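Everything on this sheet refers to the single structure shown next.
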Amino acid sequence: VTRFGTGNQAVIDAALAAGCKLFAGYPVTPATEILEAAAREFPRHGRIFIPVEGEIAAINIVAGASLGGYRSMTATSGLGLSLMAEGLSFYSGMTELPGVVVVQQRWGPGDGSLGPGQDCYNQVTRGAGHGDFALIVLAPKSVQEIADHVRLAFDLAERHNMFVLVVGDQIVAMTSEQYETGEPRAPARRTSGGRSAGFGRGGRVILPELVAVDEKAGDFHALAEVARRWEAKYRQIQREEQRAEYTGPDGALDLLIVAYGSLARVAECALPELNTGGRTAGILRPVTLWPFPVSGLREAAARARQVTVAELSMGQLHADVGSVLGGRPVGLVNWLGGYAPTPGEFARSITGSPVQPVAASPR
Amino acid sequence: MRVIYAPPQPVLGAAGFDFCPGCGYGSVVLALAEVAAALERAPVFIIDIGCVDFMTSHLPGDVMMGPHGRATALATGYKRVNPEATVCAIQGDGAFAGIGATESLHTAARGEPITVIVLNNGVLADTGGQMAATTVAGQVTTTTPAGRSPAFGAPLPFLEMIAGLPGVAYAERVAIDAGPHIRRIHKALAAALETQRQAAGLSVVEVVSPCPTHWRLDPVASWQHVRDITESAYPVGTLADRAREARP
């Protein structure tokens, strides 16, 4: 299917191609259009669409459908993700159900602004909810990429039995471009993939595993065994699922820009200007925000004289980059308040940017 | 020796019940097991957070525990993609009428064809007996040491509040205070599951259940207390039965 449309519309075409059976959601700018596209497309393709009373119901219904063996998803912004945090902790962290949530960021705490932001970075890269767990986070930069990421997210969710977030922003959400997705694919019930795949088939399955273990034994050692398996799973994902993209000249760099999402695309547009007058500059774009692309960043940074992070938040990505680069001074250029720069502004700001001290990071 | 009654397996399990002495929850588990035994396929149980968790390994089917108050939403998602499954959400009153009131209300409004079994003991029992939305006037709890006063609100008759919605096909309140009423639980559960089979809408069975531990009463006095509150705040009876004609 080749279409011209917004990133939000592309999400639903990609979901149909991925065989998603159920969408439940609640409107919130800039993700509302995803809900509306699902309302049009899901029933027409024999899928289930539920406009629910809020994000808490949305994540729980999505998890219920996943428990029932089918691909399911919701979409929201950072506000809604805050409400889904409990569900993500229970269903991804504790129960290991697969699922997909698209998060279109808008800048600001609370109700914030309606403009683009990247300040859900800490929220999404720390699992969003309470307790020891993490979510795979994909960060698309374009309409085509958000479509690709939705399909990839369903695959990764089932490969690792967890929720995957596709984290865009207002620009990725509402920009119109040409995009391609596969043809709609009929939903199929999962037959493998963790303990949840056997649920409801008469095997006397008790979920989550932690409850089953605790009920039978009330045993710290048994609980710790489950927790160690989870720890190993997250370590494995950190080894295997890092994704990053480098754009720019080979060889030594005067400046390495680290940016993700639509801001990385602005940086790409500014790159010709930043590579004039004998200067060399490249962009390292984290494609997975978790696991953080440690290897890709270290390799690119090793050949750069200066590393500068560009983001639409108060140094959240900057703290992680600084931590990964072992305390090396890293520049920060940022835009706040729901605004993203033009390529010209971007080039001017990044050239004159001072090096910032690295904030303490939990990583 | 002639066996006149044996509880259905695997209800008791190897370890036996973990309920407090005098708790009503065991009666509900037994009733559920007997009603479920008549089904072709075992039901799926979505269990909330609370003392209902002590039921987990005794329920006659697969069990998934979800976040506090969200069992109806989780059950909705499961049922929507598996309409042929029998899906029972089991919650305490804290989950049903308190923290999960939004989910309960909208599950009812949408008329989801699942069965919700609510165990109402009027306290947040699992955390040690704090006031719930359902706590009756004057009742002493750890958070209403002087008794629930009007300043803390009136007990919430949540079943009455939703029973008038067209999506609620069956709503019944029963109580554990005497033998005949306990037998009524079987009938109510059977009617609820039949309502679900007909996909007529939401079916809810609320069981007013004694909690001697947190009511600080002995089991016999607890039954009397159940009788008292069913005569005031929580009258037993059928509040909705919109699919009665279709039932065999």
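The values are calculated or read from the model by the stated rules, or taken from the named source; none is laboratory data. If you're wondering where the values come from, they're calculated on a predicted model, not measured in any experiment. So basically every Cβ, Gly included, is an ideal-geometry build from the backbone, and we count neighbours across all protein chains shown. For the accessible areas, the whole protein counts, side chains as well, though only heavy atoms, and no ligand, DNA or RNA atoms are used. Shrake-Rupley method; radii C 1.70, N 1.55, O 1.52, S 1.80 Å.
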Per the helix-only model, chain A has a calculated mean residue ellipticity at 222 nm (DSSP H runs of ≥4, -39500 (n - 2.57) each, divided over all residues, rounded to the nearest 500) of -12500 deg cm²/dmol
Note on chain B: contact order normalised by length, alpha-carbon pairs under 8 Å, 6 or more apart, percent, works out to 19
Partner aspartates and glutamates whose C-alpha sits under 12 Å from that of B:K187, ignoring same-chain residues fewer than 8 away, are B:E34, B:E172
At the level of C-alpha centres, the distance separating the stretch B:131-182 and the stretch A:91-153, in angstrom, is 39
Counting Lys and Arg as +1 and Asp and Glu as -1 over every other residue whose Cβ sits under 14 Å from the Cβ of B:A85, the net charge comes to +2
Rg/Rh over Cα atoms for the protein assembly as shown, Kirkwood Rh, comes to 1.04
Rounded to the nearest whole number, the per residue volume of the convex hull around the C-alpha atoms of the stretch B:68-201 in Å³ is 107
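Quote the convex hull volume per residue of the stretch B:134-248, based on C-alpha atoms, as a whole number of Å³.
109
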HN-Hα couplings for the stretch A:68-83 via Karplus (6.51, -1.76, 1.60; θ = phi - 60°), in whole Hz with x for Gly/Pro, come out as x, x, 10, 5, 8, 7, 9, 9, 6, 10, x, 4, x, 5, 4, 6
Taking the chain alone as reference and the full protein assembly as comparison, with a 1.4 Å probe on protein heavy atoms only, the residues of the stretch B:76-107 that lose at least 20 Å² of accessible area are B:G77, B:Y78, B:R80, B:V81, B:N82, B:E103, B:H106
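From the C-alpha gyration tensor of the stretch A:34-189, pull out the three semi-axes of the equivalent ellipsoid (sqrt of 5λ each), sorted largest to smallest, in whole Å.
The equivalent ellipsoid of the stretch A:34-189 has semi-axes of 21, 20, 15 Å.
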Counting only protein heavy atoms and leaving out ligands, DNA and RNA, the solvent-accessible surface of B:I99 at a 1.4 Å probe, in Å² to the nearest 10, equals 90
Listed by chain and number, the residues whose amide H is under 5 Å from that of A:Q306, excluding neighbours fewer than 5 places away on the same chain and using placed H, are A:L255, A:L256
Under a 1.4 Å probe, counting only protein heavy atoms, A:D111 has an accessible area in Å², nearest 10, of 100
Net charge (Lys, Arg +1; Asp, Glu -1) of residues whose beta-carbon lies under 15 Å from that of A:E53, A:E53 excluded, is -1
The correct ranking of B:F45, B:F19, B:F54 by accessible area at 1.4 Å, largest first, is B:F54, B:F19, B:F45
Rounded to the nearest 100 Å², the accessible area buried between B and A, both sides, probe 1.4 Å, is 2700
Partner aspartates and glutamates whose C-alpha sits under 19 Å from that of A:K233, ignoring same-chain residues fewer than 8 away, are A:E96, A:D132, A:D155, A:E158, A:E209, A:E225, A:E241
With every protein chain in place, the accessible area of A:T2 for a 1.4 Å probe, in Å² rounded to the nearest 10, comes to 90
Length gained, A:T247-A:T276, 0.36 nm per residue minus C-alpha separation, equals 8.9 nm
Carbon/sulfur accessible area of the stretch B:123-210, % of total, 1.4 Å probe, equals 66
Computed on Cα atoms only, the convex hull of the stretch A:74-131 has an orientation-averaged projected area in nm² of 3.7
P(r) of chain B over all Cα-Cα pairs, 5 Å bins starting at 0, rounded to whole percent, reads 1, 7, 15, 19, 21, 17, 11, 6, 2, 1, 0, 0
Ordering B:R80, A:R44 by the accessible surface of their heavy atoms, 1.4 Å probe, largest first, yields A:R44, B:R80
Amide H contacts under 5 Å for B:N121, restricted to residues at least 5 apart in sequence or on another chain and with H modeled in the peptide plane, are B:D93, B:S209
HN-Hα couplings for the stretch A:99-114 via Karplus (6.51, -1.76, 1.60; θ = phi - 60°), in whole Hz with x for Gly/Pro, come out as x, 10, 10, 8, 10, 9, 6, 10, 6, x, x, x, 6, x, 10, 9
Residues whose modelled amide H sits under 5 Å from the amide H of A:I136, counting only those 5 or more places away in sequence or on another chain, are A:L165
Rounded to one decimal in Å, the inverse mean reciprocal Cα-Cα distance for the stretch A:1-123, i.e. its Kirkwood radius, is 14.5
FRET efficiency (B:R247, B:Y5; Cβ distance; R0 22 Å; to 0.05) is 0.25
Contour minus Cα-Cα span, A:R204 to A:R348, at 0.36 nm per residue, comes to 45.5 nm
CD proxy, 222 nm, chain B: helix-only mean residue ellipticity via -39,500 (n - 2.57) per DSSP H run with n ≥ 4, per residue, nearest 500, stands at -9000 deg cm²/dmol
Per residue, the convex hull enclosing the Cα atoms of the stretch A:197-297 spans a volume in Å³ of 140
The size of the Cβ-based charge dipole (Lys, Arg +1; Asp, Glu -1) of the stretch A:224-363 about the Cα centre, to the nearest 20 debye, is 340
In Å², rounded to a whole number, the accessible area per residue of chain A with probe 1.4 Å is 36
Once the in-chain neighbours fewer than 8 apart are removed, the aspartates and glutamates whose Cα is under 17 Å from A:K141 read A:D119, A:D169, A:E177, A:E180, A:E245, A:E268, A:E311
Karplus-derived 3J(HN,Hα) from phi for the stretch A:285-295 (6.51 cos²θ - 1.76 cosθ + 1.60, θ = phi - 60°), whole Hz, x at Gly and Pro, runs 10, x, 8, 9, 7, 9, x, 5, x, 4, 5
For chain A the mean separation of alpha carbon contacts under 8 Å (6+ apart) over residue count, i.e. relative contact order in percent, is 18
